[in-house]
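So the structure is just underneath, and the comments pick up after that.
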Amino acid sequence: RFLLRPLSAIERGTTIMVRSNPSHQLELTPGHWLAGLPDSIQALANSLARNRAELEKAVTSWSAEIEDRKARLETVVSEIREGVVVCDGDSRILLYNEAARSLLRDQPALGLGRSVMDVLARLPLEHTLGMLRHRSETGRASADRGADFVCATADASRLLRCRLALLPEGAAENGGF
């Protein structure tokens, strides 16, 4: 009565704390034989609640900052007259402007999250990307980290003069271009 029932109550209480409510207070009858164990568990739960609140606050703050940066980047890119397509390290399109949409209007694969390799001819793009990545890895990257090349659309209906540049190291989309 003084040991097993309080342990059972602690088990139920800690399950509630971990799964749904870290602020839950343990409900123990007075006179148990568990000494300071319930107080230690309650302190851990309070710490968990504080850490979760801080984490949620940090995530909210960073999400807002990322959205703000994205909106600013979209505004800048939309004002550029040349077609701009930004891709992640897996060649997925993250962003493109109206000029790119106009240039590639006959390419049904153009869209966010889709592969740029389905929009432009794969070989020239892969070759230039490989060359730039090799330069970057060997420390021979030029100041602007870019390279000009000619590339056809995926359906070979149009030939485009392109410039490819790697996103800076440490950018949100590491390996992007």
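The values are calculated or read from the model by the stated rules, or taken from the named source; none is laboratory data. Values in this document were obtained by computation on a predicted structure and should not be read as measured data. Glycine also receives a Cβ, built like all others from the backbone with ideal geometry; neighbour counts cover every protein chain displayed. Protein only, heavy atoms only, side chains kept; ligands, DNA and RNA dropped before computing areas. Shrake-Rupley method; radii C 1.70, N 1.55, O 1.52, S 1.80 Å.
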Over segment 81-94, the set of residues of a type outside the set (D, E, K, R) and either without any contact (Cβ under 8 Å) to a residue 24 or more places away in the chain or surrounded by 16 or more Cβ atoms within 10 Å (Cβ to Cβ) (or both) is G83, V84, V85, V86, C87, S91, I93, L94
Does R101 satisfy the condition of being assigned to a loop (DSSP other than H, G, I, E, B), at pLDDT below 95 and open to solvent by 40 Å² or more (accessible area, probe 1.4 Å)?
no
How about segment 9-43: which of its residues are of a type in the set (D, E) and more than 23 Å from A53 (Cα to Cα)?
E11, E27
Exception for G111 within (1) closer than 24 Å to R133 by Cβ; (2) open to solvent by less than 60 Å² (accessible area, probe 1.4 Å) falls at (1)
Please count how many residues of segment 89-103 are within 17 Å of the chain's Cα centre (by Cα) and basic (K, R).
1
Among residues of segment 156-177 being of a type in the set (G, A, S) and at pLDDT below 90, the residue most open to solvent (accessible area, probe 1.4 Å) is A172
Flagged pairs (Cβ under 9 angstrom, 6 or more apart or on separate chains; first in segment 8-20, within 17 Å of S47 (Cβ to Cβ); second polar (S, T, N, Q)) are G13/Q25; G13/Q42; M17/S23; M17/Q42
Can you pull out every residue in segment 114-136 that is buried (at least 18 other Cβ atoms within 10 Å of the Cβ) and either outside any helix (DSSP H, G or I) or not aliphatic (A, V, I, L, M) (or both)?
V119, L120, T128
Being among the small types (G, A, S), under 23 Å from the mean Cα position of the chain (by Cα) and part of a strand (DSSP E or B), is that true of even one residue in segment 104-112?
no
Within segment 137-155, restricting to residues that are more than 16 Å from M117 (Cβ to Cβ) and surrounded by 14 or more Cβ atoms within 10 Å (Cβ to Cβ), the one that is modelled with the highest pLDDT is A147
Those residues that are of a type in the set (A, V, I, L, M), open to solvent by 70 Å² or more (accessible area, probe 1.4 Å) and part of a loop (DSSP other than H, G, I, E, B), I need them from segment 5-58; list them, please.
A35
Any chance segment 63-80 includes a residue that's of a type in the set (K, R) and either surrounded by 14 or more Cβ atoms within 10 Å (Cβ to Cβ) or more than 26 Å from the chain's Cα centre (by Cα) (or both)?
no
